[in-house]
Amino acid sequence: MASTQETSYQEPLLEISGLKTVFPTDDGIVNAVNDVSFSIARGQTVGVVGESGCGKSITGLSLLQLVPSPGRIEAGEILFYRNGGDEPLDIAQVQPKSELIRQIRGNEIAIIFQEPMTSLNPVYTVGDQIAEAVALHQQVDKKTAHERAIEMLVRVGIPAPTQRVDEYPHQLSGGMRQRVMIAMALCCSPTLLIADEPTTALDVTIQAQVLGLMQELQAEMGMAIMLITHDLGVIADLADEVVVMYAGRVVERGRVDDIFYNPLHPYTQGLLRSIPVLGRTVQKTLPSIPGTVPHPLALPTGCSFQPRCPERMPECEQMPELEITSDGTQAVRCWLHADSAT
Amino acid sequence: MLASRRFSNINRKLPSTLQISQKPVFDNGENRAETLYLKNKNMKLLQVNDLRKYFPIQKGIFQRTVGYVKAVDGISFDVQRGETLGLVGESGCGKTTAGRCLLRLIPATSGSFIFGEEQVDLAKLTHREMQPFRKRIQMIFQDPHASLNPRMTVADIVGEPMRVNRTEKGTALQDRIVELLESVGLRSQDMRRYPHAFSGGQRQRIGIARALALQPELIVADEPVSALDVSVQAQILNLLAELREQFNLSYIFIAHDLSVVEHISDRVAVMYLGKIVEISDAETLYQSPQHPYTEALISAVPLPDPNAQRKREHIRLEGDVPDPSQPPTGCYFHPRCRYATDLCKQETPKLREVTPGVQVACHHSDTLELQGV
Ligand SMILES: Nc1ncnc2c1ncn2[C@@H]1O[C@H](COP(=O)(O)OP(=O)(O)O)[C@@H](O)[C@H]1O
Ligand SMILES: Nc1ncnc2c1ncn2[C@@H]1O[C@H](COP(=O)(O)OP(=O)(O)O)[C@@H](O)[C@H]1O
Ligand code: SF4
Ligand code: SF4
Ligand SMILES: [Mg+2]
Ligand SMILES: [Mg+2]
């Protein structure tokens, strides 16, 4: 196997290795996240992509010890390089209900979800909710917190913020609610924002606004972004690095240009081929990946992509390792690219 | 008649791929099959004239009408036999409402829809008179989960329209269900299972099989792939295209963004706030849009190509779609349009033909140089 160490010129923020998150169920143990390794550098945008059920959300939730019960992190490290700390903190070892993880959540690592309505409380005004988020993490009085809330609304481009601050979530459009979520997430200037399908429920025009806003705020505040999405267009637009997941595992990762212009894994290749590219597919048959993601309790033996893979070979009956390419910038889990396979 | 039906049942068992070049075998009324088959593609199947749907806004204890949500505000278009018309626009611009009016699921406020070779105005029919036409126009919905009854088996779901309309019964019905399932890529063993046992893409296939059950001529597909993963989207889009050829179907294909409809549409109509702002053949629309809103919609679709995405000029529309009960003055798009002039604030542009087959509603479309893909 090639080395598992990557030469990185950027200052690391998060190094995840061998992460395994499981859900015990009546029918068996679901390995939602299985041997996942990748890192996020400071200020960088890492896109995580894959079909539904591939483990993207559970990976994101694991980073904050927010895995819903009965799920739990079973193995692996999540090394977090905190501001001012010399030694990284292994979040995988932190108790989900501890004071420490509470401090990290929101303050240092924030998360936003696809449907803001589920994270916003319908009975409180938008302003009260942002103010509460501010007060939770910073020692400020009520008035200052409220002012901070208005400031944040201005910053995320909500029109008429002094009026909107007193409105309730249902009075806002989907795009505005997502802006409010971003305002709440960024009010404490976290070093990492985990955005789980932040624009999937929005129209493309509103998606473009929200993604543009995230880019602007990133340039201003310098936070890293872990962007979870199934939309490769969104990845192409924002990501520096890309992690492709399939059936709980990382099957390929690398720089955005390499993933798009030199995809190595047959799954990445299939995903790229199956997206309609505007202006190029008028009245043509779209290549598609046959079949669907396997059920986590009925994974095929060996490579999980086997039943859908056009390149399947006898070796594929064994699970390939995630191996780093010779130039060290891309990693792929496929027998076609395993140098040790003979 | 019985004999011929049995004969066609044999045909129906052929895998769908073998049937593509054959004449449609979906014939339970022999005459229909003949006429269907003789139709050439360039015949008008549906012509919609000035369709409007205003929802009253009621207030107070007396439920007084204080205004109207002009969800669909005078749209006209036609659909040829075998053609797919894409209907695109941001959420809330009236696409679903237009589709529901066409199916007479809700009454239109005004307008006519001339349907079929009979040239019948569906909007004028009584509920009873509408009955025979209901079979001929079907709808596929966005959320395959919500539109399938969880307590019915797949066989019940797909068979229901045939039972209700008494088109098939007994073993013929069973055969027909199997045939329908196979034509959408499901297996006959799936018949006895319930919707929850299927993935999103498979559930959408069940919805499509049900829509095909009564051999419709027109299918209104309301965002049929919006809730699916890209790889599955491609499978369903390919299936819909294949079925269209096989059964000489016409589609009105509704979507909220331009990337999905391009692949399946012959022509595309772009809607904004209840009105059609541009309608043209798909290729022209994408290459050289004539309306600033179309240009913005194209620009907003992120290309899965990092270099192209970096090089591209991004037109970012500000704000949301305005409230259709209080539309802006003049051109409804003017508050978000980067080319708006004083004229645009005052006068509503009419939809007019600028080149053959291309209609646009913009005061300045002749002088603007808009960016396509
Ligand atoms: N509460 C749970 N109980 C059991 N399995 C779960 C639970 N939550 C998620 N999973 C499983 O974990 C896998 C990964 O899910 P998820 O991370 O949500 O996927 P993605 O975000 O990529 O769509 C899926 O197979 C899902 O069924
Ligand atoms: N039953 C209804 N009563 C009142 N307003 C409605 C109703 N149905 C839809 N609308 C309004 O009509 C407009 C168009 O809605 P819709 O047709 O669903 O748009 P789209 O399908 O393009 O997203 C929206 O403003 C919506 O709120
Ligand atoms: S390991 Fe084999 S089955 Fe898996 S992706 Fe590579 S070639 Fe395909
Ligand atoms: S009429 Fe004016 S405001 Fe409307 S789209 Fe054309 S240029 Fe823009
Ligand atoms: Mg998810
Ligand atoms: Mg709709």
Positive-pole candidate from A:Gln114, A:Ala135, A:His170, dipole of chain A, charges at beta carbon:
A:His170
Would you grab the residues whose amide H sits under 5 Å from the one on B:Tyr68? Only those 5+ places off in sequence or on another chain, please, with H modelled 1.01 Å from N.
B:Ile57
Please give the FRET efficiency for A:Asp166 paired with B:Tyr68, using the beta carbon to beta carbon distance and R0 = 35 Å, rounded to the nearest 0.05.
0.75
Just the accessible area per residue of chain B, please: how many Å² with a 1.4 Å probe?
44 Å²
If R0 = 41 Å, then B:Gln58 and A:Ala298, at their Cβ-Cβ distance, give a FRET efficiency to the nearest 0.05 of 0.20
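Can you work out the FRET efficiency for the pair A:Leu100 and A:Lys143, with r the C-beta to C-beta distance and R0 = 25 Å, to the nearest 0.05?
Calculated value: 0.25.
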Using the Cα gyration tensor of chain A, with a ≥ b ≥ c the square roots of its eigenvalues, what is the shape: rounded (a/c below 1.5), prolate (a/b larger than b/c) or oblate (neither)?
prolate
Test assert for region B:251-271: residues whose accessible surface shrinks by at least 50 Å² between chain alone and all chains, 1.4 Å probe, equal B:Glu262, B:His263
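Please state the charge dipole magnitude for region B:216-373, taken about the Cα centre, from unit charges on C-beta atoms (+1 on K and R, -1 on D and E), reported in debye and rounded to the nearest 20. Could the numbers behind the result be given before it?
Working: 12 positive and 23 negative charges, 90 e Å.
Using Cβ point charges on Lys, Arg, Asp and Glu, region B:216-373 gives about 440 debye.
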How large is ³J(HN,Hα) for each residue in region B:304-313, as worked out from phi by the Karplus curve 6.51 cos²θ - 1.76 cosθ + 1.60 (θ = phi - 60°), to whole Hz, x for Gly and Pro?
x, 7, x, 5, 4, 5, 5, 6, 5, 7
Nothing charged except the Cβ atoms of Lys and Arg (+1) and of Asp and Glu (-1): what's the magnitude of the dipole of chain B about its Cα centre? Round to the nearest 20 debye.
1400 debye
Three-way shape call for region B:145-212 based on the alpha-carbon gyration tensor, with the a/c threshold at 1.5
prolate
Which residue fluctuates the most in chain A, going by a Gaussian network model with Cα springs under 10 Å, if the choices are A:Asn262, A:Asn107, A:Asn83?
A:Asn83
Could you name every residue in region B:286-304 that has 40 Å² or more less accessible surface in the full protein assembly than in its own chain alone (probe 1.4 Å, ligands and nucleic acids excluded)?
B:Ala300, B:Pro302, B:Leu303, B:Pro304
Determine the share of region A:117-190's accessible area contributed by carbon and sulfur atoms, expressed in whole percent, with a 1.4 angstrom probe.
53 percent
At the nearest 100 Å², what buried accessible area, both sides summed, do you get for B and A when the probe is 1.4 Å?
3700 Å²
Quick one: which residues, 5 or more positions from B:Ser199 or on another chain, have an amide H under 5 Å from its amide H? H modelled 1.01 Å from N in the peptide plane, none for Pro or chain starts.
none
With springs only between Cα atoms under 10 Å apart, run a GNM on chain A and tell me which of A:Ile40, A:Ile104, A:Ile78 wobbles the most.
A:Ile104
Residues of region B:216-241 buried by at least 40 Å² on assembly (accessible area, 1.4 Å probe, chain alone as reference):
B:Asp229, B:Val230, B:Ser231, B:Ala234, B:Gln235, B:Asn238
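About the Cα centre of the protein assembly as shown, what is the dipole size in debye to 20, counting +1 per Lys and Arg Cβ and -1 per Asp and Glu Cβ, all else neutral?
Magnitude of the dipole: close to 3040 debye.
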Give the accessible surface of chain A per residue, rounded to a whole number of Å², with probe radius 1.4 Å and ligands, DNA and RNA excluded.
43 Å²
Springs between alpha-carbon atoms under 10 Å, Gaussian network over chain A: tell me which of A:His137, A:His265, A:His295 tops the mean-square fluctuations.
A:His295
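Considering only protein heavy atoms and a 1.4 Å probe, what is the carbon-and-sulfur percentage of the accessible area of region A:9-64?
46 percent
The values are calculated or read from the model by the stated rules, or taken from the named source; none is laboratory data. Here the structure is a predicted model, which is why all the values come from computation and not from measurement. Counting neighbours? That spans all protein chains shown, and the Cβs are built from the backbone with ideal geometry, glycine included. Protein only, heavy atoms only, side chains kept; ligands, DNA and RNA dropped before computing areas. Shrake-Rupley method; radii C 1.70, N 1.55, O 1.52, S 1.80 Å.
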